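Written out below as structure tokens is the structure these notes cover.
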């Protein structure tokens, strides 16, 4: 076996000298070099196959189970409309407990009071609804406006449907009739009629500024 192997090494050297002769570089091939080279080649081929397999699985997972354009959903209790959701595009993915719906072109949610008046409005450029958990996340320029005219601005808002609450841990700005309040973290009821900022970072009094401008 050893003599046969040594012969194959010699043949490799002969082939390199005859067909791959480089005038400025001499390539030495030994038994110690061939085995690691073959081993490394095997690893590269294996990695390439693994990458292709992962890419294939990723593409399969992103194929929606169903898709709808200009979709409208209405949630009601005892024939009373409570929530209306509209989106230019809705795509459903996954099955059973992993089921979720993506709204990549934005969303608009209307919350109604007991008299069927719009109590608050939520809009964002992106949203994902985790169906089994009854949780919706709104992202990218999230705006909530209640019937008092108070405005919430943030980049990420989570709506807990079961408890009828909304919250975020990120930066928020709430504009009221009298002031602008900025901070980190916020929680409120889904109508946005009762809210609380966790860490207030700054407050701007709108009336004082407007009065000072009039005086000047």
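Rule-based calculations on the coordinates, nothing more; no lab input. This is a predicted model, so every value here is computed, not measured. Note that each Cβ is placed from the backbone with ideal geometry, even for glycine, and that neighbours are counted across all protein chains shown.
For this structure, a couple of remarks:
- Highest to lowest packing among 88-96, 181-189, scored as the average C-beta count within 10 Å: 181-189, 88-96
- Here the translational diffusion coefficient of the range 58-216 follows from Stokes-Einstein with Rh set to the Kirkwood radius across Cα pairs; for 37 °C and 0.692 mPa s it amounts to 193 µm²/s.
- Per-peptide packing, taken as the mean over residues of other Cβ atoms within 10 Å, places 193-203, 120-130 in the sequence 120-130, 193-203 from highest down.
- Packing-based exposure ordering (other Cβ within 10 Å, fewest first) of 162, 178: 162, 178
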